[in-house]
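Data first, discussion second: the structure below is written as structure tokens.
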Amino acid sequence: MRRGSGGNVGVDHGRYEILLPRKARKGFCVISAVSRQCGQLSINGYCCSRKLLKYILSNSSGVRVLRESDYRSSSQFVFEENVFMKKYNFKKCQSLFGYALAVHLRSKGRCQLCGCGGMPLDFDLWRQLTVEHLIGKSQGGYLAEVKESVRKRFPSLSFDQQIEIAHQIDSLNTVSACSFCNSTTSRDINSQSMEDLLFEKNGDSQEVLEYIEKELSLILKRKKENVLWKLSSIKEAFETDFIIKLENEK
């Protein structure tokens, strides 16, 4: 045995090398080359049917062939790469699906800071999208903190009404941003927190929401201007520095 990348354990049997993540490695390893004539495969030296082995592998997330030998023989059964690899659950990609999906649909797949992306959608740009909070977590801009601030601001409202207001604020506070824009604005601190905005405006919930929408639009405008200022310098360096060095590498 040898230790693989990411804390996994690789099992090397000469011709093939198969990787089992720790969470999937429950007392067995895979012997990858067996006789086709007997129609059996081996696990830890015990023979089993191909159907059973396929079931075990398909229920072991992340099992995949790392390397194959060029050696092939009619008497050997060969694992083809990814044959038994489970399909990735795309919902685990939280920057694009789950909570983020509604944000990207509102933004129509376009970064709201630099404007890249949009229709027609380009997959390689779309997959770079993230969720940008105009007022970040440190200033009470995440949904959990917004719910608590709304509860303090409107204690007489029902729980359901408070939750509805919190979700409306969250929709106003979240936009799609490409990875560059999200990263370059991550340290921006606003002059007011979300709780400050909630308590600054007198009036009913609708008046407060309208005020917050106006203030958040100003924050978005400032972030756009900041991003464009940075990009102008970065684009110049790209054309005069990176491209020239890249050409010299040829």
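The values are calculated or read from the model by the stated rules, or taken from the named source; none is laboratory data. Owing to the predicted nature of the structure, the values given are computational and were not obtained by experimental measurement. Glycine gets a Cβ as well: all are built from the backbone with ideal geometry, and neighbour counts include every protein chain shown. Each accessible area value is taken on the protein alone, full model and side chains, heavy atoms only, with ligands, DNA and RNA left out. Shrake-Rupley method; radii C 1.70, N 1.55, O 1.52, S 1.80 Å.
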Could you list, in sequence order, all residues of segment 96-115 that are in contact with an Asp or Glu (Cβ under 9 Å, 6 or more places away or on another chain) and either farther than 15 Å from residue 174 by Cβ or modelled with pLDDT under 95 (or both)?
-> 109
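Identify, please: which residue in segment 177-187 is under 23 Å from residue 96 (Cβ atoms) and open to solvent by 20 Å² or more (accessible area, probe 1.4 Å) and is, among those, modelled with the lowest pLDDT?
Step by step, filter segment 177-187, then rank; the result is 186.
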When you scan segment 140-167, how many residues do you find that are among the aliphatic types (A, V, I, L, M) and open to solvent by 20 Å² or more (accessible area, probe 1.4 Å)?
-> 4
If we keep only residues of segment 229-250 that are part of a helix (DSSP H, G or I) and among the charged types (D, E, K, R), then the residue farthest from residue 181 (Cα to Cα) is 249
Cβ-Cβ below 9 Å, separation at least six or inter-chain, first residue in segment 133-158 and under 21 Å from residue 217 (Cβ atoms), second of a type in the set (Lys, Arg): which pairs?
-> 134/223; 145/137
Name the residues in segment 128-171 that are of a type in the set (A, V, I, L, M) and over 18 Å from residue 101 (Cβ atoms), would you?
-> 134, 135, 144, 146, 150, 157, 163, 165, 166, 169
For segment 168-176, does any single residue satisfy the condition of being in contact with a strand residue (DSSP E or B) (Cβ under 8 Å, 6 or more places away or on another chain), open to solvent by less than 30 Å² (accessible area, probe 1.4 Å), of a type in the set (D, E, K, R) and under 28 Å from residue 92 (Cα atoms)?
-> no
In this structure, does residue 220 turn out to be under 25 Å from residue 147 (Cα atoms) and assigned to a helix (DSSP H, G or I)?
-> yes
Going through segment 96-108 one residue at a time, which ones are assigned to a loop (DSSP other than H, G, I, E, B) and crowded, with 17+ Cβ neighbours inside 10 Å?
-> 96, 107
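Within segment 132-213, which helices (runs of 4 or more DSSP H) (wholly inside it) include 3 or more residues that are aliphatic (A, V, I, L, M)?
Counting at least 3 such residues, we get 143-153, 159-173, 194-200.
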Contact list, first residue from segment 101-122 and under 19 Å from residue 227 (Cβ atoms), second anywhere and open to solvent by 40 Å² or more (accessible area, probe 1.4 Å) and of a type in the set (Phe, Trp, Tyr), beta-carbon distance below 8 Å, six or more apart or interchain, is 104/126; 109/126; 114/180; 117/126
